[in-house]
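Peer 1: I am attaching a structure below and will ask some questions about it afterwards.
The values are calculated or read from the model by the stated rules, or taken from the named source; none is laboratory data. Note that this is a predicted model, so its numbers are computed, not measured. Every residue, glycine among them, receives a Cβ derived from its backbone with ideal geometry; neighbour counts consider all protein chains shown.
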Amino acid sequence: MEQGNYSVYADFILLGLFSNARFPWLLFALILLVFVTSVASNTVMIVLIHIDSRLHTPMYFLLSQLSLMDILCISTMVPKMLVNQVMSQRAISFAGCTAQHFFYLTLAGAEFFLLGLMSYDRYVAVCNPLHYPVLMSRKIWLVVAAAWLGGSIDGFLLTPVTMQFPFCASRENHFFCKVPALTKLSCMDTSTYETAMYVCCIMMLLIPFSVISGSYTRILITVYRMSEAEGRQKAVATCSSHMGIVSLFYGAARYTYVLPHSYHTPEQDKAVSAFYTILTPMLNPLIYSLRNKDVTGALQKVVARCVSSGKVTTF
């Protein structure tokens, strides 16, 4: 559909990660491997938490929600990118771009809030261990609903505004439909909207980050006051996996949403986006499984059952 010298509801061309790659099929194979590993590892994490009674605690329920968000997030953009590469095409419809934009904002926002709420869970576990089962069991569904609702509001607010702009160009120098890349294609001056979106994103980051900072400040004070070395080690082990994931996710988010646009380059934007949308979903379950004895114990238990029942053959 044409209006004047710009197009409305036209297809977009995603230049993606393969456009300037020297060995595109090698990059394709690596991304496919990361995608399969990410989906498989997060699925295994969800299944383990569901079937092992020792993992039926608020902390692991929140972790299963994080794994679900990671599966949905990486599935929002990577399959389309890989299919386009196989079929030697880079087009995505306006409706497809809108859907991709909405789901990405919703899932990324939900993960921001969930990580903040997970830090509160760690605070209760370390600072109020005797009341932890009662306090968190009552609040767990409210906590999860709050995370999903926060992400959904982000998607419902920003997606209609972004996609209503008239677009003079269609070649998007990115591998999925993202707000900064889309606004660059608009015929209109989007500076006011970009400023409002910048403030919105800062607020969205500050709210969960404030919860994380406050929770871990209280945790550090509590750990410092502990007299037993074993108690300190247990508290650190309880929080270290979560802090590793927070560092990965918020580090990339800080570059994307906090660093001024004048410090960004298209190549850096694609690299950082690839890190937190493709690599981070794969790293999250690995961080938890490698550093959590309960998860590794549950996995070993399942493997042992499969071997003993003859479902897995050992050589």
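Peer 1: What's the total number of residues in the stretch 158-174 that are in contact with a Cys (Cβ under 8 Å, 6 or more places away or on another chain) and either free of Cβ contacts under 8 Å to residues at least 40 places away in the same chain or on the phi > 0 side of the Ramachandran plot (or both)?
Peer 2: Qualifying residue count, the stretch 158-174: 1.
Peer 1: Taking the stretch 182-193 as the search range and keeping residues that are touching a residue at least 24 places away in the same chain (Cβ under 8 Å) and in contact with a helix residue (DSSP H, G or I) (Cβ under 9 Å, 6 or more places away or on another chain), which one is surrounded by the fewest Cβ atoms within 10 Å (Cβ to Cβ)?
Peer 2: It comes out as Y193.
Peer 1: Right, something else. Regarding the stretch 76-96, can at least one residue be identified that is within 28 Å of E267 (Cβ to Cβ), loosely packed, with under 14 Cβ neighbours inside 10 Å and basic (K, R)?
Peer 2: no
Peer 1: Does Q100 meet the test of being at pLDDT below 90, within 26 Å of A29 (Cβ to Cβ) and not hydrophobic (A, V, I, L, M, F, W, C)?
Peer 2: Taking the combined requirement at face value, the residue does not satisfy it.
Residues checked against (1) β-branched (V, I, T); (2) in contact with a Lys or Arg (Cβ under 8 Å, 6 or more places away or on another chain); (3) surrounded by 19 or more Cβ atoms within 10 Å (Cβ to Cβ); (4) at pLDDT 85 or above:
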{"residue": "L107", "(1), (2), (3), (4)": "no, no, yes, yes"}
{"residue": "L115", "(1), (2), (3), (4)": "no, no, yes, yes"}
{"residue": "M118", "(1), (2), (3), (4)": "no, no, yes, yes"}
{"residue": "A125", "(1), (2), (3), (4)": "no, no, yes, yes"}
{"residue": "K139", "(1), (2), (3), (4)": "no, no, no, no"}
{"residue": "A146", "(1), (2), (3), (4)": "no, no, no, yes"}
{"residue": "C168", "(1), (2), (3), (4)": "no, no, no, no"}
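Peer 1: For the stretch 1-58, give me the residue count where each residue is at pLDDT below 90 and among the polar types (S, T, N, Q).
Peer 2: Total meeting the criteria: 7.
Peer 1: Now for a different question. Among the listed residues R291, R254, R305, identify the single one that is basic (K, R) and either modelled with pLDDT of 75 or more or surrounded by 17 or more Cβ atoms within 10 Å (Cβ to Cβ) (or both). Working first, answer last.
Peer 2: Details: R291 fails: either modelled with pLDDT of 75 or more or surrounded by 17 or more Cβ atoms within 10 Å (Cβ to Cβ) (or both); R254 fails: either modelled with pLDDT of 75 or more or surrounded by 17 or more Cβ atoms within 10 Å (Cβ to Cβ) (or both).
So the residue among R291, R254, R305 that is basic (K, R) and either modelled with pLDDT of 75 or more or surrounded by 17 or more Cβ atoms within 10 Å (Cβ to Cβ) (or both) is R305.
Residue-by-condition table, conditions (1) assigned to a helix (DSSP H, G or I); (2) over 25 Å from L115 (Cβ atoms); (3) of a type in the set (S, T, Y):
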{"residue": "F175", "(1), (2), (3)": "no, no, no"}
{"residue": "P180", "(1), (2), (3)": "yes, no, no"}
{"residue": "Y198", "(1), (2), (3)": "yes, no, yes"}
{"residue": "G214", "(1), (2), (3)": "yes, no, no"}
{"residue": "Y250", "(1), (2), (3)": "yes, no, yes"}
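Peer 1: Taking the stretch 39-75 as the search range and keeping residues that are closer than 15 Å to V295 by Cβ and β-branched (V, I, T), which one is surrounded by the most Cβ atoms within 10 Å (Cβ to Cβ)?
Peer 2: Result: I49.
Peer 1: Identify the residue in the stretch 195-239 that is surrounded by fewer than 15 Cβ atoms within 10 Å (Cβ to Cβ) and of a type in the set (S, T, Y) and, among all such residues, is farthest from T159 (Cα to Cα).
Peer 2: Selected residue: S227.
Peer 1: Over 25 Å from L68 (Cα atoms) and not in a loop (DSSP other than H, G, I, E, B): is that true of L220 in this structure? Outline the logic, then answer.
Peer 2: On the way: over 25 Å from L68 (Cα atoms): yes; not in a loop (DSSP other than H, G, I, E, B): yes.
So L220 passes the test.
Peer 1: Let me ask something else about it. Considering only the stretch 148-166, state which residues are more than 30 Å from D121 (Cα to Cα), surrounded by 14 or more Cβ atoms within 10 Å (Cβ to Cβ) and not hydrophobic (A, V, I, L, M, F, W, C). Break it down into steps so the answer makes sense when it comes.
Peer 2: So the first thing to find is which residues in the stretch 148-166 are more than 30 Å from D121 (Cα to Cα), and the list is 159-166.
Add one more test, that the residue is surrounded by 14 or more Cβ atoms within 10 Å (Cβ to Cβ), and what stays is 159, 162-163, 165-166.
Scanning the stretch 148-166 gives T159, T162, P166.
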